[in-house]
Amino acid sequence: MVKKQLLCFSAVLVVVSLSKLYTHEVSADERHTEAWSEDSLAQRILMQDDISAIRNTPYFASLSFADESVPLGDQQIERKMMRYLREYSYAKRRSHGLHRTALRALPTVAAILRAHGVPEDFKYVPLVESGFTSGTTSHRGASGYWQFMPATARSFGLRVDTDVDERQDIEKSTVAAAKYIKALYREFNSWTLVAAAFNIGEGNLLRAISRQQEDNYFRLKLNKETGSYVYKLISVKEIIEHPNLHGYRRNAIRLADASSAGSSENHL
């Protein structure tokens, strides 16, 4: 009789335990589904052409570069920001290539920038400039991960000659970039203007500021490349830091993370 009661009691415990486990799993699945629903909704909002559906969202208000926010209330600026966010979305790119590169390269760059007191958002500059591809050279002669011109590279401690080009060394070139960025900040006192100067050159930017009597990057009239530069940096930052909001699949990024874990930084 005692054995029968013990068996009965054990069976009840098993049933209760399974019931709790099932309830927990369902709850977790529901939360997962709810999160994906929110992501999908956010993505649909971001892909809309009607800027009025976006401008008042907390997400849009959060867009910034090095803690300098995108000005709200100017439709031209807002539309331009949305255009580049869409340009870097998965719907346009159809690739997780930027995420794979970021997972491999950004930790090294971020650590060096932090050590030199430079905002980490500048780690996205090489993704925009060169895609973190060594040996990339522009028609003007800019080369390396940070696309330094030879004279600028030498000014900030890099060796560039027929035998050695340290612009192709990720660590040395990032140290030089950090020094250059800090020097530009002493000149412009604005991180968005620093990013613009990194692209166009400080002399050209100073002339544009003086001519237009305007020192807000977003309101300056600059050439097409520099005028879109900070918008691109913000967009790359957003798709790397909030991939799900821009159509990128979490599972694909996790796989990329796992595959990059064993890769060496020497492959940069």
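Hey, what's region 116-244 come to in accessible area per residue, 1.4 Å probe, Å²?
Values: 5670 Å² over 129 residues.
For region 116-244, the solvent-accessible area averages 44 Å² per residue.
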Apportionment of accessible area to carbon and sulfur, region 89-175, percent (1.4 Å):
48 percent
Which residues in region 231-252 place their backbone N less than 14 Å from a point set 7 Å from the Cα of residue 120 along the Cα-to-Cβ direction?
237-238, 240-242
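For 65, 198, what's the largest-to-smallest order of accessible area, 1.4 Å probe? All intermediate terms of the calculation are to be shown ahead of the outcome.
On the way: 65 0, 198 25 Å².
In descending accessible area the options line up as 198, 65.
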Within 10 Å, Cβ to Cβ, of residue 144, how many net charges do the neighbouring residues add up to if Lys/Arg are +1 and Asp/Glu are -1?
-2
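The values are calculated or read from the model by the stated rules, or taken from the named source; none is laboratory data. Quantities reported herein were computed from a predicted structural model and do not represent experimental measurements. With ideal geometry, Cβ positions are generated from the backbone for all residues, glycine too; neighbour counts draw on all protein chains shown. Note: accessible area is taken over every heavy atom of the protein model, side chains too, but ligands, DNA and RNA are not part of it. Shrake-Rupley method; radii C 1.70, N 1.55, O 1.52, S 1.80 Å.
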